Amino acid sequence: MTDNCQSRDLICPSTSAGPLETLKTVPRESMACEQPIFSVLGGGLKPVSDVGPSGGATTSPVAATSDTESGIGFAVEGEMCVEHESDLDWFCGTEQKLICSHCAIVGSCHGHTVTPLANRVTAVRNQLVDVCEKMQLQALRIEKFINQTLTAKEQKLQAAASQAREQVLAQVNAAREALEEEEQRLLEKVQREEERVEQCLLTQRAHWSQALANLSQTRSRLVHTLTHTPDAQLVTSVQEIAERVEEAEGVGEPCDTDQLNLDPGCTSSKLLRGLWIASILLGPNAYGSSFLKVDERTVSPLLSLSDDLCTLTFLHKKPRQPPPYDPARFDCWPNALGSQPMSSGTHSWVVDVGESGAFKVGVCYASLERKGSGNEARLGHNSQSLVLSHYDGDYSFWHDGKKVPLQVVVRPQKIGLLLDWPSQTLVFYEPESSAMLYSVTQHFSAPLLPAFAVTDRSITILH
């Protein structure tokens with residue numbers, strides 16, 4: 001889009017030659033038209049003196065006052081040099097004015113940086129076209145940000161705030177009398193957070209709407225200048241054009257930030273969570289559903305499963321007759337999965353681990369790899385599983401290959417698990433005292449299955 005522009009040096013080898021005979025044009029290096037327009041339009045190009053192969057002066061073929069390729073005329077209609085009575089077909093970058101060839105050779109602009117008017121006008125027009133196109137693209141991005149991003153944020157805000165309220169109310173109802181004050185505090189916090197985000201969205205919308213309007217107005221003015229301004233006036237309006245372009249470039253680019261989202265931590269409360277967990281674990285369904293069993297199709301050949309599908313026992317020797325092949329079965333790691341997927345509501349179950357010195361209990365996605373000895377099928381060593389592990393006297397939480405050591409004072413005989421889908425929370429606890437061993441909150445992207453592993457004696461699902 002931006003044509004390369006050439007400067008022409010005007011020299012006078014001898015005073016006896018006429019002005020037109022001594023006009024010497026020498027091509028110069030291309031002007032970098034990608035630099036900011038207010039830099040390009042602010043000055044001309046450096047002159048270099050040179051002579052032709054014969055030592056004489058030549059007349060510039062590009063000093064014409066029209067662009068034959070684009071068909072755009074650059075003649076300065078009716079304007080003549082007062083001093084030399086010649087056409088003003090050159091531009092002096094040093095003094096920022098139109099001149100004739102005589103002015104550049106023997107006149108007041110001798111030795112200055114000069115450019116053919118046609119080249120100068122072409123450079124200015126090309127720069128204006130580039131700037132207008134960039135403004136148009138920027139306007140489209142801002143319009144998309146307003147119409148799509150901010151609108152989507154407003155819609156998600158209402159849903160997120162509603163979900164946060166429901167979560168708070170659901171937990172508070174478990175211990176209404178003791179938690180009324182905490183309920184009120186959290187609801188007000190959510191309300192303040194919602195109002196904050198809503199105010200941010202309103203401010204963003206107002207700011208970028210005004211920025212879009214200013215950008216569109218500036219672009220329209222530059223387009224009008226580009227299409228309606230005479231050549232002579234166009235090249236002398238450099239400062240005004242540069243100021244408008246600089247103002248447009250100061251608009252900046254919109255960006256999505258966390259400030260436009262509801263803070264998930266606005267519903268966090270240690271008091272609320274502790275009493276909520278206790279109310280579930282000490283309630284009539286403390287040991288969860290009696291339908292939870294081990295899926296025998298997933299049981300590793302290194303384990304045996306009891307007839308009631310609740311007890312997993314580690315086998316020190318592989319059975320002579322391996323189980324039939326099943327794509328759901330773990331073939332290397334001593335793992336097994338529960339039969340009941342969980343994707344809504346609140347679930348809790350308890351595992352008797354008193355006899356085992358090495359085990360893992362937790363949850364995983366159904367997409368967990370079942371074959372091979374790599375970490376893809378090893379519980380806790382991939383992004384598909386979250387487990388509490390006990391090995392060699394140490395307790396730890398494992399997820400995605402990362403270990404979190406746990407401080408356990410008394411070795412628990414049972415490990416309880418609580419999965420609350422609405423709050424995306426998994427809790428490991430000791431059922432006898434309801435002491436929480438570890439809690440993790442993260443986004444669950446698919447239904448979860450109970451997961452088990454044992455390499456010492458046996459573990460049992462309790463009902």
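The values are calculated or read from the model by the stated rules, or taken from the named source; none is laboratory data. The shown structure was predicted, so the numbers you read here are calculated from the model rather than taken from an experiment. Positions of Cβ are backbone-derived with ideal geometry, glycine not excepted, and every protein chain shown enters the neighbour counts. Side chains are part of the model used for accessible areas, which takes the heavy atoms of the whole protein and leaves out ligands, DNA and RNA. Shrake-Rupley method; radii C 1.70, N 1.55, O 1.52, S 1.80 Å.
Worth a mention:
- Conditions (1) open to solvent by less than 50 Å² (accessible area, probe 1.4 Å); (2) more than 21 Å from residue 374 (Cβ to Cβ); (3) free of Cβ contacts under 8 Å to residues at least 40 places away in the same chain: number failed by residue 266: (3)
- Any chance residue 199 is surrounded by fewer than 15 Cβ atoms within 10 Å (Cβ to Cβ), without any contact (Cβ under 8 Å) to a residue 40 or more places away in the chain and more than 30 Å from residue 280 (Cβ to Cβ): yes
- Per the conditions (1) open to solvent by 20 Å² or more (accessible area, probe 1.4 Å); (2) outside any loop (DSSP other than H, G, I, E, B); (3) touching a Phe, Trp or Tyr at 6+ places or on another chain (Cβ under 9 Å), the sole criterion not satisfied by residue 313 is (3).
- Residue 267 being hydroxyl-bearing (Ser, Thr, Tyr) and either under 30 Å from residue 154 (Cα atoms) or under 36 Å from the mean Cα position of the chain (by Cα) (or both): yes
- Restricted to helices (runs of 4 or more DSSP H) entirely inside the stretch 133-252, those with at least 3 residues that are within 34 Å of the chain's Cα centre (by Cα) are 151-172, 176-228, 238-249.
- Any hit, the stretch 78-91, residues being among the β-branched types (Val, Ile, Thr), open to solvent by 50 Å² or more (accessible area, probe 1.4 Å) and not in a helix (DSSP H, G or I): yes
- Residues in the stretch 118-128 that are in contact with a helix residue (DSSP H, G or I) (Cβ under 7 Å, 6 or more places away or on another chain) and not polar (S, T, N, Q): 120, 121, 123, 124, 125, 128.
- The set of residues from the stretch 316-361 being in contact with a Gly (Cβ under 7 Å, 6 or more places away or on another chain) and either in contact (Cβ under 8 Å) with a residue 60 or more places away in the chain or of a type outside the set (A, V, I, L, M, F, W, C) (or both) comprises 347, 348, 349, 350, 360.
- Residue satisfying condition, being buried (at least 17 other Cβ atoms within 10 Å of the Cβ), closer than 27 Å to residue 439 by Cα and modelled with pLDDT under 95, within set 333, 349: 349
- Condition broken by residue 249, with the remaining ones in (1) in contact (Cβ under 8 Å) with a residue 60 or more places away in the chain; (2) open to solvent by less than 50 Å² (accessible area, probe 1.4 Å) satisfied: (2)
- Residue match in the stretch 357-376 (condition: open to solvent by less than 10 Å² (accessible area, probe 1.4 Å), in contact with a Lys or Arg (Cβ under 8 Å, 6 or more places away or on another chain), closer than 19 Å to residue 455 by Cα and not in a loop (DSSP other than H, G, I, E, B)): no
- Summed over the stretch 78-99, residues that are touching a residue at least 12 places away in the same chain (Cβ under 8 Å) and either of a type in the set (D, E, K, R) or more than 18 Å from residue 230 (Cβ to Cβ) (or both) total 11.
- When each of 260, 271 is tested for being open to solvent by less than 70 Å² (accessible area, probe 1.4 Å) and touching a residue at least 60 places away in the same chain (Cβ under 8 Å), the lone residue that passes is 260.
- Hits in the stretch 440-456 - residues which are within 19 Å of residue 353 (Cα to Cα), out of contact with any Gly (no Cβ under 7 Å at 6 or more places or on another chain) and either among the charged types (D, E, K, R) or open to solvent by less than 50 Å² (accessible area, probe 1.4 Å) (or both): 452, 453, 454
- Residue in the stretch 404-422 that is under 36 Å from the mean Cα position of the chain (by Cα), of a type outside the set (A, V, I, L, M, F, W, C), under 15 Å from residue 438 (Cβ atoms) and open to solvent by 50 Å² or more (accessible area, probe 1.4 Å) present: yes
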